[in-house]
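This report concerns only the one structure given below.
Quick note: the coordinates plus some simple rules give every number you see, no bench work behind them. All figures in this text were calculated on a predicted structure; none of them were measured in a lab. Ideal geometry is used to build each Cβ from the backbone, glycine not excepted, and the neighbour counts take in all protein chains shown.
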Amino acid sequence: MGRDVIIACDFNSKEEVTGFLGKFQEEKPFVKIGMELFYAEGPEIVRTIKGMGHKIFLDLKLHDIPNTVKKAMKVLSGLDVDMCNVHAAGTRAMMQAGLEGLTRPDGTRPLLIAVTQLTSTSEEMMRRELLIDRPIDQTVMHYAKNTMEAGLDGVVCSPLEAGKVHEVCGAKFLTITPGVRFADGDVGDQKRVTTPARAKELGSDYIVVGRPITQAADPVAAYRRCMEEFAG
Ligand code: C5P
């Protein structure tokens, strides 16, 4: 599987997202749909964007008891998305149940990846609120290992962690990495960022890029630049 750029379509209405994607005439980028858009527009938004010819990463981060996650994943597999996700904190049993629910009767399924520790959670919060005493990078690698052992395809992580995740979980285990900015671009609220070219060197399989493309004066040119640096 080749490297790819996934555009984070963090819009809150169908009009905005279809208007944005309508700018792409020659290529059909892989897009990420998050909770905001999905909850605002419902499953129909997935069908609409699929109908426009895009691959979809449905970023709903499921986390519940195994039976509920299994049944919810069964619904998502019917939506024909290409990638979806769960929280690794839900445990291996929950991840395995998700995988079962996602697998269609013919054996095909979307890619299933896991979120390790959210980047909004600090080591201090882990210690005080979650009673996890280990350093955050150890926790992230341990969650990645659990994810691999549950049979999932990969994890969301920082590009800076991608190499280590591949070391621990193997070269084929996918790393999907946000926090990407052009060298001459705005960092915004992201703290630790890397360029598309650096993410490639670090071994990311997919980069998730939002504002550097969605807020660019010329989004198609920004997407092409990203593809050239990362996948070229
Ligand atoms: O606009 P920007 O490029 O920062 O968007 C990055 C996307 O990746 C957003 O949809 C954000 O929610 C998501 N994300 C992230 N960091 C994580 C997990 C997801 O930035 N650790």
> Amide H neighbours of Leu174 under 5 Å, counting only residues 5+ apart in sequence or on other chains, H built in-plane at 1.01 Å?
Replying inline: Gly154, Val155
> Add -39500 (n - 2.57) for each DSSP H run of 4 or more in the chain, then divide by its residues: what number comes out at 222 nm, to the nearest 500 deg cm²/dmol?
Replying inline: -12500 deg cm²/dmol
> Alpha carbon centre of segment 65-80 versus segment 1-41: separation in Å?
Replying inline: 22
> Cα-Cα over 25 Å: which of Lys14/Lys61; Lys61/Lys145; Lys50/Lys70; Lys61/Lys172; Lys28/Lys191?
Replying inline: Lys28/Lys191
>> From the phi angles alone, apply the Karplus equation (6.51, -1.76, 1.60; θ = phi - 60°) to segment 9-21 and give each ³J(HN,Hα) in whole Hz, x where the residue is Gly or Pro.
In response: 8, 7, 10, 10, 8, 4, 4, 5, 6, 6, x, 5, 5
> What list of ³J(HN,Hα) couplings, whole Hz, do you get for segment 219-228 from phi and the Karplus terms 6.51, -1.76, 1.60, once you set θ to phi - 60° and write x for glycine and proline?
Replying inline: x, 5, 5, 5, 4, 4, 4, 4, 4, 4
>> Using the crude model of +1 on Lys and Arg Cβ and -1 on Asp and Glu Cβ, and no other charge, please compute the dipole size for segment 1-108 relative to its Cα centre, in debye to 20.
In response: 340
> What are the ³J(HN,Hα) values, in whole Hz, obtained from phi via the Karplus relation 6.51 cos²θ - 1.76 cosθ + 1.60 with θ = phi - 60°, for each residue of segment 150-159 in sequence order, with x given for Gly and Pro?
Replying inline: 7, x, 6, 8, x, 9, 8, 7, 6, x
> About its Cα centre, how strong a charge dipole does the chain have in debye, to the nearest 20, once Lys and Arg get +1 and Asp and Glu get -1 at the Cβ?
Replying inline: 420
>> Below 12 angstrom from the Cβ of Asp205, what's the summed charge of the other residues (Lys, Arg +1; Asp, Glu -1)?
In response: +1
>> Of all beta bridges DSSP finds with both residues in segment 4-230, what is the antiparallel percent, to the nearest 5?
In response: 0
> Dipole magnitude of segment 172-232 about its Cα centre, charges +1 at Lys/Arg Cβ and -1 at Asp/Glu Cβ only, in debye to the nearest 20?
Replying inline: 180
